[in-house]
Amino acid sequence: MSDTYDVVIIGAGPGGYNCAIRAGQLGLKVACVEKNPTLGGTCLNVGCIPSKALLHASEMFAAAKHDFAGMGIKFGKLDLDLKQMMAQKDEAVDGLTKGVEYLFKKNKVERVNGHGRILGPGQVEVATPEGDVQVLKTRHIVIATGSEPATLPGIEIDEERIVTNTGAIALKNVPKKLVLIGAGVIGLELGSVWSRLGAEVEVVEYLDHCLPGADGEISKATRKTFESQGLNFHFGQKVTGVEKLKTKLKVNMEAVSGGETQTLDADAVIVAVGRRPYTEGLGLDKAGIATDKRGVIEVSDGHFRVAEGIWAVGDAIHGPMLAHKAEDDGVAVAELIAGKAGHVDYDLVPSVVYTNPEIAWVGRTEEQLKQAGIEYSKGKFPFQANSRARCNHETEGFVKILADKKTDRVLGAHMIGVGVGDMIHEVCVAMEFGGASEDIARTCHAHPTMSEAVRQAAMGVEGWTMQM
Ligand code: NAI
């Protein structure tokens, strides 16, 4: 093994592995350092992928329970085999982490096992759990170390009863009473999984609404939807601590507006109050790399460069903490190192919540447009009026398109409905090309599809929506 690389990437999550693969494709000599036994980071091992496997399986369970009879499908007794549900989730994770290994080999990316630390420009020390240490020499270093769950004072995570996303995708039994702290993306996704499997779910949220960052109308619709699915929200409440009793947990909370306290009983508690960059033991000080108060690495040139020959991507830097944003950062950095152009437009990173119905958005919300004083027109279309949604009995939700009042350029799209996590992308492409709502409205969409709701919402911007 030669010791001199073009790029050494620390971390093999979506930011790191995509950077490594793209750098390999561009003919660079690449090593990727990873401390975990499997590749893929949070996303593949304990985040996006396992949660989606559980969301899908629990959705099918719920459909069998509530919807099949109405469609004329009869069967005997319905039973939950949680062990098998977890096994199929593990199988998805295993297959995909091995897929990254395969892509590393295919693109000549060298995998180095161990914890990486920057010694200074051009030098990365790697320490294995067995205590072996080696130093890799390189022209460029990419920090792709991702993030870890944020915690709260008074709460001791044990990943058994008081869990983050890691423990929440591996509970051994369905808890009778589950308390979720945080009504953000993780809270809603994992809350729906366990609620569908039979848990009584209480969600405690600091703010007076769910899904911070979402368009106000979407946030309201989301609350209504999940309340109708049985989630019980406690808004404007701050969790002050979780007491561990022998068989029960007691979640203490306090009204944000002032003093009043309450306690909820629980068998399990999921803490989902956001994430913070993971840069522990990385040697940032020695390399002269600055972070802000939250530990976010500061990018000096707007293009991922954090020091001479050192770059950073994904959750460790600013921008949305999302796997697909990290992937795009990683690719852009590989291209910049190879002397090409590399850029990511953070205004066009879609957000998707993979619940049932899904929630998706891209671009600006109505609140943001109002605050910026931008005049806009709005088109909205309910799935209730979409023929395919009616055939499938999936009529909940709507699509909303926001466009500049004068130029008609699309400024944002906000959707709630089955499958909107896929539908959002036609608006992303339109926005990437600087498209107008009329461009979407005049694009032929196949009938009958759920996507016609996107077209109808776009038609609605200029007032010519055709109801069913
Ligand atoms: P989040 O930022 O989406 O939500 C955290 C929620 O916790 C917020 O609503 C916040 O107001 C609330 N909160 C904070 N402190 C609190 C307190 N003391 N008491 C009660 N509530 C409190 O973070 P979340 O859900 O933990 O997700 C972490 C990250 O992972 C996010 O960046 C998210 O975008 C990402 N993620 C993305 C997914 C997706 O794209 N589908 C899936 C899962 C996670």
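The values are calculated or read from the model by the stated rules, or taken from the named source; none is laboratory data. Just so it is clear, the model here is predicted, and its values are computed rather than measured. Glycine also receives a Cβ, built like all others from the backbone with ideal geometry; neighbour counts cover every protein chain displayed. Note: accessible area is taken over every heavy atom of the protein model, side chains too, but ligands, DNA and RNA are not part of it. Shrake-Rupley method; radii C 1.70, N 1.55, O 1.52, S 1.80 Å.
Filter region 309-320 down to the residues that are within 22 Å of Gln123 (Cβ to Cβ) and assigned to a loop (DSSP other than H, G, I, E, B), then identify the one that is farthest from the ligand (Cβ to nearest atom). Only one residue fits best here, namely Gly309.
Summed over region 417-455, the residues that are in contact (Cβ under 8 Å) with a residue 40 or more places away in the chain and open to solvent by 30 Å² or more (accessible area, probe 1.4 Å) give a count of 7. Determine whether region 156-172 contains at least one residue that is part of a strand (DSSP E or B) and out of contact with any Leu (no Cβ under 6 Å at 6 or more places or on another chain). Within region 156-172, one or more residues are part of a strand (DSSP E or B) and out of contact with any Leu (no Cβ under 6 Å at 6 or more places or on another chain).
Evaluating Met60 against the criteria (1) under 24 Å from the mean Cα position of the chain (by Cα); (2) touching a residue at least 12 places away in the same chain (Cβ under 8 Å) leaves one unmet condition, (2).
Of the residues Val33, Val112, which is part of a strand (DSSP E or B) and in contact with a Gly (Cβ under 7 Å, 6 or more places away or on another chain)? Unique residue meeting the criteria: Val33. Identify all residues within region 197-222 that are open to solvent by 30 Å² or more (accessible area, probe 1.4 Å) and more than 12 Å from the ligand (Cβ to nearest atom); write none if there are none. The answer is Gly198, Glu200, Glu217, Lys220. Among the residues making up region 265-308, those that are open to solvent by less than 30 Å² (accessible area, probe 1.4 Å), of a type outside the set (Val, Ile, Thr) and either at pLDDT 95 or above or part of a loop (DSSP other than H, G, I, E, B) (or both) are Ala266, Ala268, Ala272, Pro277, Leu282, Gly283, Leu284, Ala287, Gly295, Phe304.
Regarding region 358-369, can at least one residue be identified that is open to solvent by 30 Å² or more (accessible area, probe 1.4 Å) and more than 16 Å from the ligand (Cβ to nearest atom)? Taking every residue of region 358-369 in turn, at least one turns out to be open to solvent by 30 Å² or more (accessible area, probe 1.4 Å) and more than 16 Å from the ligand (Cβ to nearest atom).
Could you tell me whether Lys137 is in a helix (DSSP H, G or I) and open to solvent by 50 Å² or more (accessible area, probe 1.4 Å)? For Lys137, the condition - in a helix (DSSP H, G or I) and open to solvent by 50 Å² or more (accessible area, probe 1.4 Å) - is not met.
Filtering region 32-61 to residues that are surrounded by fewer than 23 Cβ atoms within 10 Å (Cβ to Cβ) and touching a strand residue (DSSP E or B) at 6+ places or on another chain (Cβ under 6 Å) leaves only Lys35.
Among the residues of region 398-407, count how many are in contact with a Ser or Thr (Cβ under 6 Å, 6 or more places away or on another chain) and surrounded by fewer than 19 Cβ atoms within 10 Å (Cβ to Cβ). Of the residues in region 398-407, 1 are in contact with a Ser or Thr (Cβ under 6 Å, 6 or more places away or on another chain) and surrounded by fewer than 19 Cβ atoms within 10 Å (Cβ to Cβ).
How many residues does region 194-211 contain that are farther than 15 Å from Lys176 by Cβ and in contact with a strand residue (DSSP E or B) (Cβ under 8 Å, 6 or more places away or on another chain)?
6
Across region 223-256, the number of residues qualifying as surrounded by fewer than 17 Cβ atoms within 10 Å (Cβ to Cβ), over 21 Å from Lys177 (Cβ atoms) and of a type in the set (Val, Ile, Thr) comes to 1.
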